[in-house]
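Heads up, the thing below is written out as structure tokens.
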Amino acid sequence: MLKEIWDNLKGLYSLGVGMAITGRYLLSPVETIHYPRQVVADEIMESFRGPIQLTFGPKDPAQSRCISCQMCVKACPGHCLTVTKGETKSPVVWLYDFSYCCLCGACVETCPASALEFSHKVYLVAKSRAELSMDLLADLKSRALKKAESVKSELPGSAPTTQNLAAPGPKDSPVKAEATKTPLANSDPEPKAPTEARPPKKAAKADPLPSDATIESRPKNGSDQ
Amino acid sequence: MTFGSLNFVNPFGVWENPGSTAGDFYAVNFEKKAVSGRVILNLGPQHPSTHGVLRVLVELDGEYVARAEPVLGYLHRMHEKMGEVKTPWQFIPNMGRVDYLHPLAWNWAFVGAAEKLAGLTVPERAEYLRVIGCELNRIGSHLLWWGAFVMDLGGFTPILYAFEEREKINDILQIITGSRLTMANFRFGGVCADADERFFRLCAEFIPYLRERLKMYKGLVTDNVILRRRLEGIGPIDVDLCQRYGATGPILRAAGLARDTRKDYPYGVYPKLDFPIPTGPINDSFGRYLVRLAEIETSLSIIEQAIKDIPQGPIIMDKAPKATWKLPAGESYFTVEGARGQIAAHITSDGGKNPYRVKLRAPGFSNLSLFAEAAKGTLLADAIAILGSLDLVIPEIDR
Amino acid sequence: MFLSLAIVAQIIVAVLLIIALMVGNAVVMVYMERKVAGFIQRRPGPYEVGPYGTLQAICDSMKLLAKQLYRPGNVDLILYYLAPILAFFPVLLLYLPIPFGPYLTALPVGDGVILILAFAGLGVLSNLLAGWSSNNKYSLLGAARAVSQTVAYEIPMILALLAVVFLSGSTDLKVVTDQQGPWPWQWNIVLQPLAFFIYLVSLVGETNRAPFDLPEAESELAAGFHTEYSGMGFALFFLSEYANMLLVSFVAAVFFLGGYKGPIADGFWWIFIKAYALMFFMVWIRWTFPRVRFDQLLNINWKWLLPLGLFNLWLTAAVIKVAF
């Protein structure tokens, strides 16, 4: 009987200890990053696998390195890439359906020309499935243009990226960076696929639902070819 | 689809004929042995505490569970079929999605089976990186289990504290895998990305930080009298029950048998690392709870040793298999220790482009099978506590 | 029974003010609960709607008002719609005898505590009707649990309050308040700490708050007895739960913490501060502890609180007899 009473008193003490712990956290600052007032620093996002993008060309940044060898198309588990060769080795159509991508990196690693890389678009949003079908050639051109503009204007703070921390401190995360004027700087400003770059048979891609034209372009039975 | 001699029962019959006991195939079968005076309750696929889409049919005698039967298949995504239509390289991301809480162990099972079949050797640095990644992932999985388990019991705060630690772990793992949840950085012959100085610094800072936080967990949850009274004496699972159903992992270790695939069938660089196997003398839910918390500490010590001992070198073998690699003919079976038990992949290949058959052994499937026997005669709240202490992740059970 | 016009007018005005208080309380409590939960869990809580999220509760109530009143097909119509109404209105009655200020009692009856304790049991009926009429096994289980829990936890509550009544010599709430002084060491909690503890535990059990919130245990029963209610029905249950919490906090403030008396100036602000401090304590407890199992809950009541309450009562009576 006395043992029971003593056990219960010890139990009540443990309840008090628990409340002290939560009370301490109640009065301490929050741990979360308050998006969009704060964003995660670039240093953490450097290794993040976002949707893939074409790398800048060695001579002309707007010209991709792709040689239309179709190795990435065959390697992709989700069959989300469509590359059409032009008269030269460079592709004329480079379509990437992000809604099928599993971010495995097969295409990036398989490409013999190092033409693909992961972007770090953490804040990508799309309001319809069609917006996730990305035209990577147009995306490459717009990124090359932005890079040229930022290099041209030598003013500080003109690059629309979030602040980098000068040196990583001992407490590396939560790494919060105050958002500059463009809080969604990491997202690509053009998630939509422009309609003029597509050949006529794929015009149905603007539908929100995947039409038969999209499905026909994928290999049957999911098997590789 | 026919069920043999069973008539197809209209699943909407209960709305059209109030008072009828029409239900689906499983409910009708379950009700055949019903005893009058008992309530048949369907802890349905949509339920806050079944950790995924698990359906459990229980027959309640007041509040006591007289019979319980889990029904699976609501999350079957045909991973094994995908193994037959995808090339081995294309199947690796699948293994990240089977159990998204310990994806690196599933990666290792499949990649290890393929490497065993083809006779590939992995460079040492890659082996160490695999071990560090797998153990960090195991800590993350146990932390999430801890938070979700306490949430099942009614405490809504510890899961958010656990997620703070998981965010740090995910930051570290993002450096080598690029993802935070469904990781797929294993390649045939090594890993895909190297770890830089920042990775090792973050790991070295994380270990003492987590040790401090584990003390806070002890004060907030483990010593809490309400939690103890909920878990002590609930759902004792002894070794015999485990062996009859093939349960492995913390359940078996808490029952008293020290079986750990890292020691019994060593793989990677585990033979070089020195770590204990936490075996609980207590085999009820609280014992399983303590064993998992002790495993977090074990994983921390493994990571400490691995960070110290990791050599420089390549992270993937020379002439590593490319995306069009075909497995040689034959079969191989490779087993690793996952957070939930023994994970295994059994690949049968006939030399073609795709494997002939990929069989995945999910530990959760065997662990769940003993729930029906372990929950018999307990209160409903206790049955939920036992279900939580089994650490089930339904996607891995249904694959 | 002679009711003068003044008293009738006073009661009508008081009822309207109390309804406003209950609604305002729900707004404040929803915000406080979510913010405190957020800060305990190291996240901001509501932030976007209004400055620092203060308008969140108002938007939530507008959403609940505008929601479709969906009911399942086979419910018992009268009972189904009666249950939330029955949850809400009796609580109004319980606010009448509480002395909010020296001259601010809605219904100055001589046996206020008996009125409160008697009508507190009506909340049980609403839980039971909700669970039974929902035609849902989960709701039925939740209702069964709610009934045994609420009925069980009323008894230690009565015993704890009775000890204070012994001390004060009257069941009139105003007399109980006047017997205490303005400073904390003159409150009844100093003379009756065990009764305060018993009352605190039974307070949490009576209002179905965590760690005793089995009737609405989300992880087991997916919202228990109010599973099948949406929109206004759910809003009424919600409102009545917070109003119940506030009521028992007011009673605790009156009996143990000095009521409207305070160090500097007596007035209604003190009773509000004390009641909301107790509510904050209840919110804090909710987000810290896991849930107690049902048989353990009843064990705590029948094996610990009831004997302790009786012992406390006996001790109080003995001390009063001997000392006075």
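Counting only helices (runs of 4 or more DSSP H) that sit completely within the range B:148-258, those holding 1 or more residues that are facing another protein chain (nearest Cβ under 9 Å), open to solvent by 20 Å² or more (accessible area, probe 1.4 Å) and not acidic (D, E) correspond to B:158-177, B:197-217, B:225-231. The set of residues from the range C:251-271 being touching a residue at least 40 places away in the same chain (Cβ under 8 Å), open to solvent by 10 Å² or more (accessible area, probe 1.4 Å) and not in a loop (DSSP other than H, G, I, E, B) comprises just one member, C:F268.
Taking the condition assigned to a helix (DSSP H, G or I), open to solvent by 40 Å² or more (accessible area, probe 1.4 Å) and either touching a Pro at 6+ places or on another chain (Cβ under 7 Å) or more than 14 Å from chain B (Cβ to nearest Cβ) (or both), does C:K303 pass? No: the conditions fail for C:K303. Being modelled with pLDDT of 85 or more and open to solvent by less than 40 Å² (accessible area, probe 1.4 Å) holds for only one residue in C:F166, C:F196, and it is C:F196.
Hey, can you tell me all the residues within the range C:106-130 that are closer than 22 Å to C:I198 by Cα, surrounded by 20 or more Cβ atoms within 10 Å (Cβ to Cβ) and of a type outside the set (V, I, T)? Result: C:G112, C:A120, C:G123. Among the residues of the range C:131-147, the one identified as open to solvent by 40 Å² or more (accessible area, probe 1.4 Å) and under 19 Å from C:A210 (Cα atoms) is C:A144.
Which one of the conditions (1) part of a loop (DSSP other than H, G, I, E, B); (2) under 16 Å from A:L137 (Cβ atoms) does A:P29 fail to meet, given that it meets all the rest? The single condition A:P29 does not satisfy is (2).
Selection of first residues in the range C:80-91 that are part of a helix (DSSP H, G or I) and of second residues that are among the charged types (D, E, K, R) and surrounded by fewer than 23 Cβ atoms within 10 Å (Cβ to Cβ), restricted to Cβ pairs under 9 Å at least 6 apart or on distinct chains, gives the following pairs, ordered by first then second residue: C:Y80/C:R71; C:Y80/C:E228; C:Y81/C:R71; C:A87/C:E241. If we scan the range C:13-33, do we find a residue that is assigned to a loop (DSSP other than H, G, I, E, B), among the aromatic types (F, W, Y) and open to solvent by 50 Å² or more (accessible area, probe 1.4 Å)? There is no residue in the range C:13-33 that is assigned to a loop (DSSP other than H, G, I, E, B), among the aromatic types (F, W, Y) and open to solvent by 50 Å² or more (accessible area, probe 1.4 Å).
The values are calculated or read from the model by the stated rules, or taken from the named source; none is laboratory data. Keep in mind it's a predicted model, so treat the numbers as computed, not measured. A quick note on method: Cβ atoms are made from the backbone with ideal geometry, for glycine too, and the neighbour counts reach across all protein chains shown. Protein only, heavy atoms only, side chains kept; ligands, DNA and RNA dropped before computing areas. Shrake-Rupley method; radii C 1.70, N 1.55, O 1.52, S 1.80 Å.
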